[in-house]
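Visitor: Pasting a structure here, questions to come.
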Amino acid sequence: MPAPPTKPKINFNPTAREFKPPGVVGARVIVSAPSSAPLPPEAPVKKPLSYNPTTTKEFTSTLTAASSHSKVFKPDPTAGAYVPKESAPPPILLPPAVVPVVEAATLHPMLHTPWTLWCTIQTSDEFTCNKLHTVSSVKDFWSMMNSVRISIAHEEADLSRMALHLFREGIEPKWEDPANIHGGCWQMSVAANTAFRESIDDRFRQLCSWAVGEPRCHGNSVTGVGFKVRDKYTVQVWTREVPTRTEASRRNSVALVEDCAVYLNFKGVRADYFIHAQRENTKNGYAPPVLQHQMF
C-alpha cells in the first residue's frame, strides 16, 4: 500500500495574505507574506481621562469668551432679563408712583396742649422761676422725662429750696398767675423713706404723665403739677377754681385727687387743699387747708 502524500506545513500568521498557489484547485492555503509587504496600521491607544484644574479653567474661560462673541446672545450688565430684539415688546410707560403723605401728628401724636417744665427756687429773699423746656408731642414729652434725674440731683445737691413743676404753656407756677389766682392746689406728702427715694424718678414721671393725659371727666381744670423734696416728698396738683363753692365741685375735686393718688399708687396718705389767695395774704405763705381727704 502506497504511503499517503506528505502535506505541506502551513504556518499561521495573522499578517499573512490569502491566495491560491498554482496547481492547487479548490484549496485555500495561508502562507506567510513576504517581508517586503506593508503591515496594517495599529489602532491608536486611548488614554484614560484625568481631571486637570488648569485645563478645566482654560476650557471654561475659552467657552465664556466664545459665548460673548455669539450673535445670538450678548450679555449687558445694565440690562434686565434678556429679550431678543426681534421679539422685544414695546416699552410700557407707567404713571409715577403716588407716595401717601403721612401727617406728622400720625407719626408723633400731639398733646392736648403744650406743657412746660419749670424749676423754682425759694429763698428767704426771693422766689425765682426758671423755664427749662416746652413739649407739644408725646415723643418730645417722653424724651424730656427720660432726661430728668431727680435722684442724681438729690444726691449731689441740696434740693430743700427747689421744686420741679410741669404747667400748661403760658401758665407760670405762681399764685399770681391769672390762671391760678382764683384757684388752689391739692397737696399730698409721703415720708422720705428708702423705698420711695429709689423710685423718685418714676414717681415724677407718673405724676407728669397723669397731668398731660388730661384726667378723665375733669377737662382742663388742672393747670399744672409740682414735686418738692423736703423732709418729705410733696406732690401738688394745681386747679383753676376753688372746689368749695358748691357740693358738686367739691365731689369732682375729690375725685380728681383720688385719681391722681391711684395713678401714683399712694395709699393711706392725706390730701389737703390750699387756696392761693389765702396764702398770698399771709406773711410766711402758709394758710390752713380748706379741704382734706384721706386716701385708703
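Visitor: State yes or no: is residue 209 within 28 Å of residue 131 (Cβ to Cβ), touching a residue at least 24 places away in the same chain (Cβ under 8 Å) and not charged (D, E, K, R)?
Guide: yes
Visitor: Wholly within the stretch 177-296, which strands (runs of 3 or more DSSP E) include no fewer than the required count, namely at least 3 residues that are surrounded by 15 or more Cβ atoms within 10 Å (Cβ to Cβ)? Don't jump to the end; show me each part of the working.
Guide: On the way: elements: 184-191, 222-229, 232-239, 270-275, 291-294.
Per the criteria, 184-191, 222-229, 232-239, 270-275.
Visitor: Determine, yes or no, whether residue 160 is modelled with pLDDT of 90 or more and surrounded by fewer than 19 Cβ atoms within 10 Å (Cβ to Cβ).
Guide: No, not satisfied.
Visitor: Which numbered condition trips up residue 177, out of (1) farther than 29 Å from residue 277 by Cα; (2) more than 35 Å from the chain's Cα centre (by Cα); (3) not aromatic (Phe, Trp, Tyr)?
Guide: (1)
The values are calculated or read from the model by the stated rules, or taken from the named source; none is laboratory data. What you see is a predicted model, and the numbers here were worked out from it, not measured in a lab. For neighbour counting, all protein chains shown are included, and Cβ atoms are generated from backbone atoms with ideal geometry for every residue, glycine included.
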